[in-house]
Each structure stands twice: as C-alpha cells, then as structure tokens.
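All remarks here apply to the structure that follows.
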Amino acid sequence: MTKSNTVPDAIQLKNLGYSFKGSALPILNIPTWQVARNERVFLQGESGSGKSTLLGLLAGLQLPTLGDVDILGTRMSSLGASKRDRFRAKHLGVVFQQFNLIPYLSALENVLLAAQFGTSGGAVARQRAIELLERVNLPSSLHGRKAAALSIGQQQRVAIVRALINEPSLLLVDEPTSALDHNNRDAFLALLFDILADRDCAMVFVSHDPTIGQMFDNHVRLAELNQVAGRD
Ligand code: ADP
Ligand code: MG
C-alpha cells in the first residue's frame, strides 16, 4: 500500500470565499483546489487579482469568509489565532513580498528568531542556520550584518532561509522576484529549486510574471481557479 493514500494534501480548498471586512464584493471565490505533498505550483495572476490575499488564507493569517481551507490536513478555521500562529511557525514557511525581516537584527538573528518557534532550538538550530545561509551564498562575513544593511537580493535569501529553518512541509512564496533584475531572478529561482530538491516540501509560488512559470511543472492561473466575476 502506498503512503500517498493516507497522507492529506498540502492544500485543499473547498468553496472558499473571501471578502474584506466592510466590503460587499468578494475578492475570492474558489470552488475547489488541491496541491499534493511535494508538488511545486506556480500561481500566476495580475496585480490586484488576489494572490497575496489567497496566500494569507493559506498561511492562516486570515480565515475565509466562507468555505474550508485545509492545510496539511488541518482545517484553519478549527484553530484559534494563537494556535494558527504556532501551526504556521511549525509547519509552514512563508516568504512575504517585502520579506518582513527585522531590520535591526542580523541575518543570523532573523533566522534564529524563527527557529525558536520550531522544534529544534539552541546549538542545533544555530548550526543549521549557518549551513543554510552558506547554502544560499551568504558567507559568514554577512551573518552578523543587520538586515537593513543587506542588499535586496541578500535580504531575499535570508528570508528564504528563515522560511526553511523549521523544515516546513509547505512553502508559500509571494512574488519576491519583482525587485530583482532578470539575471538575479533566474539565479534566485535556481537556488530555490536546488535547496528544495532534497526536501519533502510542497510550494506555492505566486507572481504576476508569467515567464517565471517556465521553471515549474505545474502552472496555474488564478483566473482559472477564482470564479469571482470581472477579475483576472
Ligand atoms: P495581488 O497580491 O494579486 O496583487 P491582493 O491580494 O493584494 O492582490 O489584493 C486583491 C484585491 O484586494 C485588490 O483589489 C486590493 O485592492 C484589495 N485589498 C487588498 N487588501 C485589502 C484590504 N485590507 N482591505 C480592502 N481591500 C483590500
Ligand atoms: Mg501581492
């Protein structure tokens, strides 16, 4: 018997609806969507089409207005806010569009702060953080540098390491390449695929830029999923 019959999908959406508070118009209406374990999906949509809103729902930062968001077999609406925070810290890696690093902490401290919320702490986490930073071509001379003093490309790589430090089962990436030129963008994507190659981790990578999709097996347009009228 294969294990895949018993392991829940990374993502399962059913009749998902989302409207911002005070707004009558829904932003998202997704009847159904699944992402399997270890699947890497490129989700493309125009600016303003709801990509970041959807990632916020997948990360459990918000709850849906209607329907179900099941992540790794856990229904987000069954958890209160602090349990969702813990779930996210333990099982998910999130790379926000603006990276959200703490500017006055060093590269290494930003990663170690995230490691505190995972299962391995102390010296083990520190060693893993250093190895991962080096793996993304951030040499030890940069580990002690404040995030605010790193280049955009360097901040982006710290954000990836921070997202991976707790060995997530699902990585959510919000178009972090928009601030990079094409060479740096391609190098970043190559690095991301390389680092994921030996990990059991699903990924949803969102961007407005359809050319990025060439690097993914699975390419989805948000417009195909989202049934809200008049949106991309
Ligand atoms: P994308 O990431 O694809 O650019 P977003 O998910 O950020 O799109 O936004 C989708 C839509 O929701 C946009 O029309 C945006 O203006 C609107 N929106 C985003 N955040 C809020 C908010 N806090 N309140 C009301 N509307 C919002
Ligand atoms: Mg966005």
Sequence-distant residues sharing a close amide H with G67 (under 5 Å, placed H): G17
Accessible area expressed per residue, the chain, with surrounding protein chains retained (probe 1.4 Å, Å²): 48 Å²
Under 28 Å between alpha carbons - lysine pairs in the chain that sit 8 or more apart or on different chains: 11
Whether the stretch 91-181 is rounded, prolate or oblate, judged on the alpha carbon gyration tensor where a/c under 1.5 counts as rounded: oblate
Mean ellipticity per residue at 222 nm, deg cm²/dmol - from DSSP H runs of n ≥ 4 across the chain, formula -39500 (n - 2.57): -10000 deg cm²/dmol
Calculated from backbone phi, Karplus (6.51, -1.76, 1.60) coupling profile of the stretch 41-56 in Hz, x at Gly/Pro: 10, 9, 10, 9, x, 5, 4, x, 7, x, 4, 5, 4, 5, 4, x
Neighbour net charge for V124 - beta-carbon separation under 14 angstrom, K R +1, D E -1: 0
Fraction of beta bridges assigned by DSSP in the stretch 11-225 that are antiparallel (%, nearest 5): 45 percent
Sum of side-chain charges, M76 neighbourhood, beta-carbon under 11 Å (Lys, Arg +1; Asp, Glu -1): +2
Dimensions (Å) - the stretch 11-225, Cα atoms, principal axes, largest first: 50, 38, 34
Karplus-derived 3J(HN,Hα), 6.51/-1.76/1.60, for each residue of the stretch 102-113, Hz, glycine and proline x: 8, x, 8, 9, 6, 3, 5, 5, 4, 6, 5, 4
Carbon and sulfur %, accessible surface of the stretch 11-225 computed with the full protein complex present, 1.4 Å: 50 percent
Full-extension gain in nm, Q34 to E224, via 0.36 nm per residue minus C-alpha separation: 67.1 nm
Inter-centroid distance (Cα atoms) of the stretch 77-128 relative to the stretch 47-71, Å: 20 Å
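The values are calculated or read from the model by the stated rules, or taken from the named source; none is laboratory data. Since we're looking at a predicted model, the values are computed, not measured. FYI the Cβ positions are ideal-geometry reconstructions off the backbone, even for glycines, and counts take in every protein chain you see. Heads up: the accessible areas ignore ligands, DNA and RNA and are worked out on the full protein's heavy atoms, side chains in. Shrake-Rupley method; radii C 1.70, N 1.55, O 1.52, S 1.80 Å.
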